[in-house]
Amino acid sequence: MALIEINDIHKEYVTYKQEKGFLNTFKGFFYREKQIKEAVKGISFQIEKGEMVGYIGPNGAGKSTTLKILSGILTPTSGEAHIAGIVPYQNRKQHAKKIGVVFGQRTQLWWDLPVIESFELMRYVYRIDEKTYRENMEIFTDLLELDQFSSRPVRQLSLGQRMRADIALSLLHNPDILFLDEPTIGLDVVAKQKIREFIKQINLKRQVTVILTTHDMGDIESLCNRVILIDDGLVQFDGEIEKFRHTYGKERCLVVETKEPEDIDRLVLDHGQITKREGNRIWIHFDRDQVSPTQLIPHITSQIEVVDLTIEEPSIEGIVSRVYQDKTKN
Ligand SMILES: Nc1ncnc2c1ncn2[C@@H]1O[C@H](COP(=O)(O)OP(=O)(O)OP(=O)(O)O)[C@@H](O)[C@H]1O
Ligand SMILES: [Mg+2]
């Protein structure tokens, strides 16, 4: 049995529509329209000990929902999950000892307390023995330079410092598995680099199994040997990073700024696809093997008036929407 096994997991969220306006609020006491959102529509995968897997997909794909199920915060509507033989949402306490969890959008640190006190608290709650605590604090301080800010209250930290503290905190009890949900969100390149290096070390030296969710292809490229791509609650790709790169890595993205937003409606492309549009800017994803920028650009400028052009590394969103469009074409 693999360390992490999930089998045909579904998750439905039930919400109630709240209509605006006084009368509707009043009506809402008696009747609110029920809405069901199926966020995860049958996801299965297996992950072996020591793997570092990138769990990627566009906004709303169901990534955080999956991670919440794996960390025991949510119970799936159907399907099953086993992590080291434990069903996470049925045995949360036992499971919590084996996992570390970081949700980049939220902190597990106490906002008003000095960082070090959150660590002390963690030590107490998880009954971490003196030796382990001391060793870990030494290593984490060394790699993440926690001493720069450990006596400061969390609310005074920069985002990068807070993230470093959060990741260290999640590993204090020597978990076997680490779930990272957007650990580099909002960070600058240097801060990202520090965190990537640390995660790499932890995986290498301690064989910690890592599932990492991110919108940053750079995180994936530098850390993961495998990616699972999900879209609309379903797995679209699961395999080695080389294969992923081979399949989708020929993507490039051209950002075009037109003089008038209406010009965009007139544009006809032989190659590539418009994957995003914002005002008078569009993002065109294209396959390097099919068309080169030197062919694509004149093709565009001959049709519409262009103010600015830039080539970007393809975003995961762009890749995913191309995958999706290709699928609907077939
Ligand atoms: N508590 C909730 N109640 C109702 N719907 C929810 C809830 N949490 C998430 N959803 C919906 O479920 C879908 C999947 O959400 P999820 O947070 O898992 O996506 P995600 O892949 O993590 O996206 P992002 O990249 O934006 O973080 C979305 O449509 C979202 O709006
Ligand atoms: Mg999310």
Confirm whether Val101 is of a type in the set (Val, Ile, Thr), without any contact (Cβ under 8 Å) to a residue 12 or more places away in the chain and either more than 30 Å from Pro153 (Cα to Cα) or within 16 Å of ligand 1 (Cβ to nearest atom) (or both).
no
Here's a check for you: in the stretch 190-202, which residue that is within 18 Å of the chain's Cα centre (by Cα) and of a type outside the set (D, E, K, R) is farthest from Ile83 (Cα to Cα)?
Ala191
Please return the ranges of strands (runs of 3 or more DSSP E) entirely within the stretch 240-287 where 3 or more residues are of a type outside the set (Ser, Thr, Tyr) and open to solvent by less than 30 Å² (accessible area, probe 1.4 Å).
251-258, 281-287
Scanning the stretch 89-131 for residues that are within 16 Å of ligand 2 (Cβ to nearest atom) and β-branched (Val, Ile, Thr), which turns out surrounded by the most Cβ atoms within 10 Å (Cβ to Cβ)?
Val102
Pairs, please: C-beta under 6 Å, at least 6 apart or cross-chain, first residue assigned by TED's automatic domain parsing to the domain that holds Gln46 and within 16 Å of ligand 1 (Cβ to nearest atom) and in the stretch 174-196, second outside any loop (DSSP other than H, G, I, E, B) and open to solvent by 60 Å² or more (accessible area, probe 1.4 Å)?
Gly186/Leu159
Criterion first (among the hydroxyl-bearing types (Ser, Thr, Tyr) and within 16 Å of ligand 2 (Cβ to nearest atom)) does Thr65 satisfy it?
yes
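The values are calculated or read from the model by the stated rules, or taken from the named source; none is laboratory data. What you are looking at is a predicted structure, and each value in this text was computed from that prediction instead of being measured. Because the Cβ atoms are built from the backbone with ideal geometry, glycine has one as well, and the counts that use them run over all protein chains shown. Side chains included, ligands, DNA and RNA excluded: accessible areas come from the protein's heavy atoms. Shrake-Rupley method; radii C 1.70, N 1.55, O 1.52, S 1.80 Å.
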